[in-house]
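Structure, as structure tokens:
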């Protein structure tokens, strides 16, 4: 078995695995998607496009979508970077004409809500993400 030595390959594998919606609670009616980013990056990638396309298929015509940007605790300007990541995802949503009647809420949690708790000054790729919540 070959180990993943390329960090982008590793992140792409995680992102591909997260392209499937994960229900929060069986009766909530919400769907969740995660998009992961490289360290100190908010650039759009092909994985952003694929996961957004998966989410679009699940959004009703007058639906609501919340985008929450997150950072790990080593990235500079986590609030600003979290917003930049969420806005990158929002931009991709808005490229689709089906999204004209959808209401979006974009926010940043910076490094305050890690997916994986780690000690201070520890890089954690899973904390560099945008959560997409569809309801």
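Observations on the structure shown:
- So residue 108, is it without any contact (Cβ under 8 Å) to a residue 40 or more places away in the chain and farther than 20 Å from residue 50 by Cα: no
- Unmet criterion (only one of (1) closer than 20 Å to residue 44 by Cβ; (2) crowded, with 17+ Cβ neighbours inside 10 Å; (3) out of contact with any strand residue (DSSP E or B) (no Cβ under 8 Å at 6 or more places or on another chain)) for residue 77: (2)
Yes or no, residue by residue, for (1) closer than 16 Å to residue 40 by Cα; (2) in contact with a helix residue (DSSP H, G or I) (Cβ under 7 Å, 6 or more places away or on another chain):
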site: 71; (1), (2): yes, yes
site: 99; (1), (2): no, yes
site: 111; (1), (2): yes, yes
site: 123; (1), (2): yes, no
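- Residue list for segment 57-69, restricted to those being within 25 Å of residue 118 (Cα to Cα) and touching a helix residue (DSSP H, G or I) at 6+ places or on another chain (Cβ under 6 Å): 67, 69
- Residue check, residue 133 within 23 Å of residue 30 (Cα to Cα) and assigned to a strand (DSSP E or B): yes
Every residue, every condition in (1) modelled with pLDDT under 95; (2) touching a helix residue (DSSP H, G or I) at 6+ places or on another chain (Cβ under 9 Å), yes or no:
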position: 14; (1), (2): yes, yes
position: 40; (1), (2): no, yes
position: 49; (1), (2): yes, yes
position: 55; (1), (2): yes, yes
position: 74; (1), (2): no, no
position: 78; (1), (2): no, no
position: 81; (1), (2): no, no
position: 87; (1), (2): no, no
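- Subset of segment 92-130 (residues that are part of a strand (DSSP E or B) and surrounded by 15 or more Cβ atoms within 10 Å (Cβ to Cβ)): 104, 106, 108, 109, 110, 129, 130
Yes/no per residue for (1) buried (at least 18 other Cβ atoms within 10 Å of the Cβ); (2) assigned to a helix (DSSP H, G or I); (3) more than 13 Å from the chain's Cα centre (by Cα):
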| position | (1), (2), (3) |
| --- | --- |
| 40 | no, no, yes |
| 60 | no, no, yes |
| 67 | yes, no, no |
| 85 | yes, yes, no |
| 90 | yes, yes, no |
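The values are calculated or read from the model by the stated rules, or taken from the named source; none is laboratory data. Small disclaimer: the values here were computed from a predicted structure and weren't measured. Note that each Cβ is placed from the backbone with ideal geometry, even for glycine, and that neighbours are counted across all protein chains shown.
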